[in-house]
């Protein structure tokens, strides 16, 4: 007989059933009553078991509907490939290219595009004075209906104005294709990656399980002349991403 508490044993059994595929992503777990009968335990024990799975991000509760196996469309973020020019020339954004490689359906919503004044940090990264006018593009990305990340881009107004970048849909290849059309051929990208706990708003927007961390990534894009042309502040659901890097040995 296992020394583990009964609710943890039940959680182990349910987790194993999910791992085997007996219950697939989006499928509803049996009701509390069904689980009580199946395992011969009290309601409180079942609730503890399901609560443990929720805290691990294995399942998600939807008010009035029940508890469901959480969809976990893992995305492999290939740092060495995602900004390749061939993707833009094929009319794909970096996210579209990643989703296609992972065979998931990509979607973008909660798009907000507006001019604003650059904060001190954004201005520093873009080489502008504090308060300089920039175009702000914020959006949420989903894979197979599951929110995976939010991203907010800041583009110098002198580059963005009068282009499709000021529209919700910037056109094939995304904003980087439009930046290059403005005469700023992209030369390199610099990224800073951090890990932290999410804000209440991020928990809601990304539908995060309790206790789930996020990855914060701030990227600065430079043209071949070394001029910063965009800063992108991205927040990713940590359990849905694999960050893959290839680094030269010399």
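The values are calculated or read from the model by the stated rules, or taken from the named source; none is laboratory data. If you're wondering where the values come from, they're calculated on a predicted model, not measured in any experiment. Cβ atoms come from the backbone with ideal geometry, glycine included; neighbour counts cover every protein chain shown.
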Hey, could you check segment 208-222 for residues that are surrounded by fewer than 17 Cβ atoms within 10 Å (Cβ to Cβ) and over 27 Å from residue 83 (Cβ atoms) and say which is modelled with the highest pLDDT? 211
Of 195, 221, 177, the only residue that is closer than 19 Å to residue 153 by Cα and in a strand (DSSP E or B) is 221
Determine if segment 67-81 includes at least one residue that is in a loop (DSSP other than H, G, I, E, B), within 25 Å of the chain's Cα centre (by Cα), free of Cβ contacts under 8 Å to residues at least 60 places away in the same chain and in the same structural domain as residue 138 (by TED's automatic domain parsing). yes
Only one of (1) without any contact (Cβ under 8 Å) to a residue 60 or more places away in the chain; (2) within 15 Å of residue 221 (Cβ to Cβ) does not apply to residue 168, and that is (2)
Meets criteria (part of a loop (DSSP other than H, G, I, E, B) and loosely packed, with under 14 Cβ neighbours inside 10 Å) for residue 92: no
Taking segment 50-66 and keeping residues in a helix (DSSP H, G or I) and in contact (Cβ under 8 Å) with a residue 60 or more places away in the chain leaves 54, 55
Note: among 47, 4, 38, just one is surrounded by fewer than 17 Cβ atoms within 10 Å (Cβ to Cβ), outside any loop (DSSP other than H, G, I, E, B) and either touching a helix residue (DSSP H, G or I) at 6+ places or on another chain (Cβ under 8 Å) or assigned by TED's automatic domain parsing to the domain that holds residue 143 (or both), namely 47
Look through segment 180-192, keep the residues that are assigned to a loop (DSSP other than H, G, I, E, B) and touching a strand residue (DSSP E or B) at 6+ places or on another chain (Cβ under 7 Å), and return whichever of them is surrounded by the fewest Cβ atoms within 10 Å (Cβ to Cβ). 185
In segment 193-207, what residues are closer than 24 Å to residue 136 by Cβ and either in contact (Cβ under 8 Å) with a residue 40 or more places away in the chain or loosely packed, with under 11 Cβ neighbours inside 10 Å (or both)? 193, 194, 200, 201, 202, 205, 206, 207
Just to verify a result, which residue in segment 15-26, among those that are surrounded by 11 or more Cβ atoms within 10 Å (Cβ to Cβ) and out of contact with any helix residue (DSSP H, G or I) (no Cβ under 6 Å at 6 or more places or on another chain), is nearest to residue 67 (Cα to Cα)? 26
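Residues checked against (1) modelled with pLDDT of 95 or more; (2) in the same structural domain as residue 201 (by TED's automatic domain parsing); (3) more than 24 Å from the chain's Cα centre (by Cα); (4) buried (at least 22 other Cβ atoms within 10 Å of the Cβ):
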site	(1), (2), (3), (4)
111	yes, yes, no, no
120	yes, yes, yes, no
124	yes, yes, yes, no
132	yes, yes, yes, no
136	yes, yes, no, no
151	yes, yes, no, no
155	yes, yes, no, yes
162	yes, yes, yes, no
